[in-house]
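S.K.: Please see the structure below; I have some questions.
Read-outs throughout are calculated quantities, based only on the coordinates presented, and are distinct from any laboratory measurement. No experiment lies behind these values; they were computed from the predicted model shown. Methodologically, a virtual Cβ is constructed for each residue, glycine included, from the backbone with ideal geometry; neighbour enumeration extends over all protein chains shown.
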Amino acid sequence: GENVEQHPSTLSVQEGDSAVIKCTYSDSASNYFPWYKQELGKRPQLIIDIRSNVGEKKDQRIAVTLNKTAKHFSLHITETQPEDSAVYFCAADNAGGTSYGKLTFGQGTILTVHP
Amino acid sequence: ETGVTQTPRHLVMGMTNKKSLKCEQHLGHNAMYWYKQSAKKPLELMFVYNFKEQTENNSVPSRFSPECPNSSHLFLHLHTLQPEDSALYLCASSQVRPTQETQYFGPGTRLLVL
């Protein structure tokens, strides 16, 4: 089955700095890669996703890059703000394949943005 | 209420109790999921239902029994649980359609097994 590794487990940055979180996956058939943000005591919420036919996607201060050959994808947050502090999860899925809807999550990264 | 809702939000039960968790989605989706979230561990997929049919059982112990009577409702029946089953149980839903597979999560049920 799929295995997703996420690094780092904790990340501390100063407000205004950039933050990068990296994930690797094992199943070359995976073709959908969402990123979720989970604030303390709240539900995970999708912040951005990317599909395997795209190498990069950007939404304001958030961007995701995908390297299918190396089987890794990364989340980039620029101009970080204290409200970006949360746990971030990456995931991989063989959307539309034999394991439809079977998201495999990384271990999570606790991001702390200091004012 | 919109989106994905879960009840109860908190539950304390003994190892001999039987209880049920409920999830309801108001998004018109046709797939629903149960996840377990424990401290210091990644979200673990437990069950997947597509169009009310179970399509995934991720080696979950039989003391967890899912039920999906229709595409909007999902239950997780619990009996003779162990203390290590204490966790946050999250429900999610999505469409079963390429490019619309984003999963939307409910607020979760925080379960404590004594």
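S.K.: What translational D, rounded to a whole number of µm²/s, comes out for the protein assembly as shown from Stokes-Einstein when the hydrodynamic radius is the Kirkwood one over Cα pairs, at 25 °C and 0.890 mPa s? List each step's numbers first, then the result.
M.R.: On the way: Rh = 18.1 Å.
The calculation lands on 135 µm²/s.
S.K.: Of the candidates A:Gly55, A:Gly101, A:Gly41, which one comes out as most mobile in a Gaussian network treatment of chain A with C-alpha springs shorter than 10 Å?
M.R.: Its mean-square fluctuation being the largest, the pick is A:Gly41.
S.K.: What does the average come to when, for each residue of peptide A:53-62, you count the partner chain Cβ atoms lying within 10 Å of its Cβ? It would help to have the intermediate numbers written out before the result.
M.R.: Working: counts 0, 0, 0, 0, 0, 0, 0, 0, 0, 0.
For peptide A:53-62, the averaged partner shielding equals 0.
S.K.: Which parts of region B:8-39 would a label at B:Asn57 reach, counting a residue when its backbone N lies under 18 Å from a point 7 Å out along Cα-to-Cβ?
M.R.: B:21, B:32-36
S.K.: Taking the Cβ of B:His79 as the centre, find all other residues whose Cβ is under 10 Å away and add up their charges (Lys, Arg: +1; Asp, Glu: -1).
M.R.: On the way: positive: B:Lys18, B:Lys19, B:Arg63; negative: none.
Its environment carries a net charge of +3.
S.K.: Now for a different question. Measure off 7 Å from each Cα along the Cα-to-Cβ vector at B:Thr99 and B:Val12, then give the distance between these two points in nanometres to one decimal.
M.R.: Going by the 7 Å Cα→Cβ label model, 5.0 nm.
S.K.: Here's something else I'd like to know. Mind giving me the nanometre distance, one decimal, between the label points for B:Thr5 and A:Glu79, set 7 Å out from Cα along Cα→Cβ?
M.R.: Result: 3.8 nm between the two label points.
S.K.: Also: Can you tell me the order of B:74-86, A:102-114 when each peptide is scored by its average per-residue count of other Cβ atoms within 10 angstrom, highest first?
M.R.: Details: B:74-86: 16.5, A:102-114: 20.1.
Order by mean packing, descending: A:102-114, B:74-86.
S.K.: Using the beta-carbon distance between B:Leu114 and B:Lys41 and R0 = 22 Å, what value does 1/(1 + (r/R0)^6) give for FRET efficiency, to the nearest 0.05? Walk me through the numbers before you get to the answer.
M.R.: Working: r = 21 Å, r/R0 = 0.94.
E between B:Leu114 and B:Lys41, to the nearest 0.05, is 0.60.
S.K.: While we're looking at this one, here's another question. Classify chain A: rounded, prolate or oblate, from the alpha-carbon gyration tensor (a ≥ b ≥ c, eigenvalue square roots; a/c under 1.5 rounded; otherwise prolate if a/b is larger than b/c)? Spell out each step's value before the answer.
M.R.: Values: a/c = 2.05, a/b = 1.70, b/c = 1.20.
Taking the square roots of the gyration eigenvalues as a ≥ b ≥ c, chain A is prolate.
S.K.: Going down the table (A:Lys22/B:Lys52; A:Lys22/B:Lys18; A:Lys68/B:Lys22; A:Lys37/B:Lys52; A:Lys71/B:Lys19; A:Lys58/B:Lys52), which pairs top 30 Å between alpha carbons?
M.R.: Details: A:Lys22/B:Lys52 35 Å; A:Lys22/B:Lys18 41 Å; A:Lys68/B:Lys22 38 Å; A:Lys37/B:Lys52 28 Å; A:Lys71/B:Lys19 42 Å; A:Lys58/B:Lys52 35 Å.
The answer is A:Lys22/B:Lys52; A:Lys22/B:Lys18; A:Lys68/B:Lys22; A:Lys71/B:Lys19; A:Lys58/B:Lys52.
S.K.: Let me ask something additional. If you find the alpha carbon centre of region A:23-58 and of region B:76-114, how far apart are they in angstrom?
M.R.: 19 Å
S.K.: With an 8 Å cut-off on Cα pairs and a minimum separation of 6 or more residues, tell me the relative contact order of chain B in percent.
M.R.: Details: 288 pairs, mean separation 41.3, N = 114.
After rounding, I find 36 percent.
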